[in-house]
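Inspection log for the structure reproduced underneath, given as structure tokens.
The values are calculated or read from the model by the stated rules, or taken from the named source; none is laboratory data. The structure presented is a predicted model; accordingly, all values stated were derived computationally and were not measured. Using ideal geometry, Cβ is built from the backbone for each residue, glycine included, and neighbour counts are taken over all protein chains shown.
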Amino acid sequence: MTPTQHGSQTLAPLPAQVGDRHAPADHLPKAPTVAWSSAGCRRRTWVSRTVLLTILAFQATLSLRLSNTAFQDEALYLTAGHAELSHLLHGTAVQSGYAAYFSGSPRLYPVLAAVVDSQFGLSGARMLSLFFMLGTTALLYSFTRRLFSERAGLAAAGLFSVVQSTIVMGHFATYDAPAVFLLASATWIVVRTAGMPAPRVLLAAPVAVLAVGVKYAAGLYLPTIVALALLTALPHRRGSAFVRSLLLGLGMSALLVLGMYGTDLSAGVRQTTTSREHGSDSAVFLLEQSIAWGGLLFLAAVAGAVSYARRHRLHESPLAPGFSGPGRVQRSLLGALMCATALLAPAYQMHLGTVVALFKHVGFGLLFAAPMAGVGLTRLVGAHFRHTHLGIALWSATLCIGMPQADWRFTSWPDSLTLIRTISSHVDRKGHYLSSTPEVPVYYLRDKTTHRQWQSVFGMEYRDGHGARHTGADAYREAVRNGDFDLVVLDGFTNPRVNGVITDALKGNPHYRLLAVLPFHSASNDVRDHLMRSAPSVEHTGRYRVWLKR
């Protein structure tokens, strides 16, 4: 090559570059869709863990923001736990047949929560739920990472951590958080053992059945776990995949039969789950609620399932050597299964016609839809984070919907602190009391009173001095007229029809005097008022009215 003359200087040419003969000098090679390398595995692991810890810290912050006195369900479960704990430790008779109407075994979560409550109070019991929900999110990340990729796992965890169900269950002392955690644990075991010998999957059976024992409604998701045992094993061990799924199904069934016939829980399962009384909420209303509480994550999951069915890997981490991955049919079935699982709770509650607890049950299904939502979010962002703003917009929208919904949920019942202080000196172990929500005073005053001393406004039978039997509203009317209760506490909105009957019977009643009128503030008690709103409902002002027997 001849040097180029420039004035008195001779300029030597630049060294030859690879590709100079085949492409222009300004050509940029096409970037690969996968930018992972084995050399960066350790760094990638630490980055992923740091991001996950950030997600968990943010989730904890969202849950810990919520504050109120005990909700009636929390109070009931903790009171039952203390009664069962006293029975186990000291042989004290349990004064109420909790197993006959609880939606989970009173000897599992309530006892554990009561142990924590004994040491740390209601805040400790709620922190126990937070522990379970943080564990659920961590397990979700782990099994999503194994199914798809680290990016999908982080995206799934990020979306799941900010929906209303997750935020509320993380600071709510009820069965739901441990039940979701156990379902997540069983799913993780199924995914983790996908490439192992078939009998290993049986490790998931006791965990899944324990979830059902903690909350019976968790049984709705056992078929999904069995189906996952099949679909996750097919790419690894085609010959034994069906055997694996069959083993898991038989193992779960055997443990469920032993649990049902070896305990006294059958009545509770029938009353609260399989034969539950139907409500009057319309299917359209329940669908609207489900969309409001989980629709955005579900939409991302559907998009992820469609994209995953069309193309196995787009910009996720590379496959393990010698592993070709699932085929299109298997990918389609996996996406359809996980998305359909999110519809189980709404469909079942449409069958029952009730919105009660739907906001929590939606979260059970979202646990299974979240991995596909993680795939949907990562593919929306694109390779090399090309469209990061779209992913941020989706996550922000989910947060902006979930956080106000959770805030509203925790302000939808009144603060009972002033009420408890007012009635504390008038309650003992000899009296007979009537309350709109007796679970709350029984919990806070459990050293002074027991559950059997209290009557709620949801059904009563009464025999008067002449031996006549009264039921329903007439029972309340006659009992109040005869001065049967030593204390009456009404909040004005719980079962308004019966509340009105009792109030009328108290007017001019010589047996009672009005002890106190205690104002309280809460969000509107009607969930319809809050449907699809992005901010808490208009504040509702009410009054506790307390009557004391003369």
Helices (runs of 4 or more DSSP H) fully within the range 181-300 counting 3 or more residues that are modelled with pLDDT of 90 or more
204-214, 222-233, 238-261
Working only within the range 465-490, note down all residues that are in contact with a Leu (Cβ under 9 Å, 6 or more places away or on another chain) and assigned to a loop (DSSP other than H, G, I, E, B).
ASP484, PHE485, ASP486
Tally time: how many residues in the range 89-99 are surrounded by fewer than 12 Cβ atoms within 10 Å (Cβ to Cβ) and not small (Gly, Ala, Ser)?
2
Considering only the range 43-99, state which residues are aromatic (Phe, Trp, Tyr) and part of a helix (DSSP H, G or I).
TRP46, PHE58, TYR77, TYR98
Every residue in the range 327-350 that is in a helix (DSSP H, G or I), over 17 Å from THR187 (Cβ atoms) and modelled with pLDDT of 90 or more, please.
VAL329, GLN330, ARG331, SER332, PRO346, ALA347, TYR348, GLN349, MET350
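Filter the range 483-498 for residues that are β-branched (Val, Ile, Thr) and farther than 19 Å from THR541 by Cβ; which is modelled with the lowest pLDDT?
So, considering only residues that are β-branched (Val, Ile, Thr) and farther than 19 Å from THR541 by Cβ, the one modelled with the lowest pLDDT is VAL498.
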Does GLY382 qualify as being surrounded by 15 or more Cβ atoms within 10 Å (Cβ to Cβ), in the same structural domain as SER161 (by TED's automatic domain parsing) and at positive phi?
yes
Determine, yes or no, whether THR471 is outside the structural domain of TYR77 (by TED's automatic domain parsing) and either under 30 Å from SER86 (Cβ atoms) or modelled with pLDDT of 95 or more (or both).
no
Only one of these is touching a Ser or Thr at 6+ places or on another chain (Cβ under 8 Å), part of a helix (DSSP H, G or I), of a type outside the set (Gly, Ala, Ser) and touching a residue at least 24 places away in the same chain (Cβ under 8 Å): THR137, THR174, THR144. Name it.
THR137
Exactly one of VAL480, VAL457, VAL501 is in contact with a Lys or Arg (Cβ under 7 Å, 6 or more places away or on another chain), surrounded by 14 or more Cβ atoms within 10 Å (Cβ to Cβ) and either modelled with pLDDT of 95 or more or hydrophobic (A, V, I, L, M, F, W, C) (or both), and that one is VAL501
May I ask you to verify whether GLY353 is assigned by TED's automatic domain parsing to the domain that holds ASP281 and over 30 Å from SER149 (Cβ atoms)?
yes
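Looking for whichever is closer than 21 Å to ARG550 by Cα, touching a Phe, Trp or Tyr at 6+ places or on another chain (Cβ under 7 Å) and either in contact (Cβ under 8 Å) with a residue 12 or more places away in the chain or among the aliphatic types (A, V, I, L, M) (or both) here; the options are VAL498, VAL488, VAL480. Which one fits?
Just a single option satisfies the conditions, and that option is VAL488.
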Is one or more of the residues making up the range 182-201 buried (at least 21 other Cβ atoms within 10 Å of the Cβ) and in contact with a Gly (Cβ under 6 Å, 6 or more places away or on another chain)?
no
Can you confirm whether the range 201-212 contains a residue that is of a type outside the set (Phe, Trp, Tyr), under 17 Å from the mean Cα position of the chain (by Cα) and closer than 22 Å to LEU296 by Cα?
no
